[in-house]
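A.B. asks: Got a structure for you, questions after.
The values are calculated or read from the model by the stated rules, or taken from the named source; none is laboratory data. If you're wondering where the values come from, they're calculated on a predicted model, not measured in any experiment. So basically every Cβ, Gly included, is an ideal-geometry build from the backbone, and we count neighbours across all protein chains shown. Ligands, DNA and RNA are stripped out before the accessible areas are found, and what is left, the full protein with its side chains, is counted by its heavy atoms. Shrake-Rupley method; radii C 1.70, N 1.55, O 1.52, S 1.80 Å.
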Amino acid sequence: MTPDEFTLAMADPTLRRVFSAVALGSATSSEILTAAGLDTPVAAKAIGRLTRTGLLVPEGRGRLVVNEGALEDAGQAAARRREEEAAAAQPDARLRGFVRDRVLVALPEEADHAARRTVLRHVAEATFAPGEEYDERTVTDRLEPWCGSGVLDTVSLRRALVDVGVLRREAGRYGLTAAGAGAA
């Protein structure tokens, strides 16, 4: 069973009612009918579909149970697909979960200084050129796209870049620090 097959099955309200009845302990046809509140022909058709998809399996004579293995397999497949999509969206594992499409979607806690510095160094080096100087308004404008998720506003992001030492500020001018330039 794939995650998509599971989702499609659970999108059908009748299948969802029957599946839920079995998941909550109904095992025989009469118990499922009562718990799901369905007519016999409708419930029988749904039971048949869920059995053919592998979500329900027989257990003993006339009893059905949820196929936990199929659910576990679908969950593992979904987790693998999610990881593959995350890797495709952000190839650098150190930035995964923090940067997506030039947007800062999370920031490591201050206690994890190395991870925080890595993410902020990436932002700075992707935004500013080594050896260039920028006024405060330009820095703020260039940081705006990174703040699309609302994790930080541009002023807080600029301050964080200075605080971790990847961006320097001198006399109202900003630039990459020597350690920040080319280090990511």
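A.B. asks: Does residue 62 count as in contact (Cβ under 8 Å) with a residue 24 or more places away in the chain and open to solvent by 40 Å² or more (accessible area, probe 1.4 Å)? Walk me through how you get there before you give the answer.
C.D. replies: Numbers: in contact (Cβ under 8 Å) with a residue 24 or more places away in the chain: yes; open to solvent by 40 Å² or more (accessible area, probe 1.4 Å): yes.
Criteria met by residue 62.
A.B. asks: Among the residues of region 53-84, how many are closer than 30 Å to residue 95 by Cβ, among the hydrophobic types (A, V, I, L, M, F, W, C) and more than 14 Å from the chain's Cα centre (by Cα)?
C.D. replies: Of the residues in that region, 2 qualify.
A.B. asks: Take region 17-43 and flag every residue that is assigned to a loop (DSSP other than H, G, I, E, B) and open to solvent by 50 Å² or more (accessible area, probe 1.4 Å).
C.D. replies: Going through region 17-43, the residues assigned to a loop (DSSP other than H, G, I, E, B) turn out to be 24-28, 37-39.
Within region 17-43, 24, 25, 37, 39 qualify.
A.B. asks: Every residue in region 76-113 that is exposed (fewer than 13 other Cβ atoms within 10 Å of the Cβ), part of a helix (DSSP H, G or I) and touching a residue at least 24 places away in the same chain (Cβ under 8 Å), please.
C.D. replies: Of everything in region 76-113, just one residue is exposed (fewer than 13 other Cβ atoms within 10 Å of the Cβ), part of a helix (DSSP H, G or I) and touching a residue at least 24 places away in the same chain (Cβ under 8 Å), namely 113.
A.B. asks: Still on this model: For residues in region 143-162 being assigned to a helix (DSSP H, G or I) and more than 17 Å from residue 175 (Cα to Cα), which is least open to solvent (accessible area, probe 1.4 Å)? If you could, list the steps in order and put the result at the bottom.
C.D. replies: The initial filter retains those residues of region 143-162 that are assigned to a helix (DSSP H, G or I), namely 143-147, 154-162.
Still in the running and more than 17 Å from residue 175 (Cα to Cα): 145-147.
Details: 145: 72, 146: 3, 147: 21 Å².
If we take residues in region 143-162 being assigned to a helix (DSSP H, G or I) and more than 17 Å from residue 175 (Cα to Cα), then 146 is least open to solvent (accessible area, probe 1.4 Å).
A.B. asks: If the requirement is being touching a Cys at 6+ places or on another chain (Cβ under 7 Å) and among the aliphatic types (A, V, I, L, M), which of these qualifies: 56, 104? Working first, answer last.
C.D. replies: On the way: 56 fails: touching a Cys at 6+ places or on another chain (Cβ under 7 Å).
Checking each option against the conditions leaves just 104.
A.B. asks: Here is a further query. Only residues that are open to solvent by 70 Å² or more (accessible area, probe 1.4 Å), touching a Phe, Trp or Tyr at 6+ places or on another chain (Cβ under 9 Å) and free of Cβ contacts under 8 Å to residues at least 40 places away in the same chain: list them for region 124-140, please.
C.D. replies: 136 - this is the single residue of region 124-140 that is open to solvent by 70 Å² or more (accessible area, probe 1.4 Å), touching a Phe, Trp or Tyr at 6+ places or on another chain (Cβ under 9 Å) and free of Cβ contacts under 8 Å to residues at least 40 places away in the same chain.
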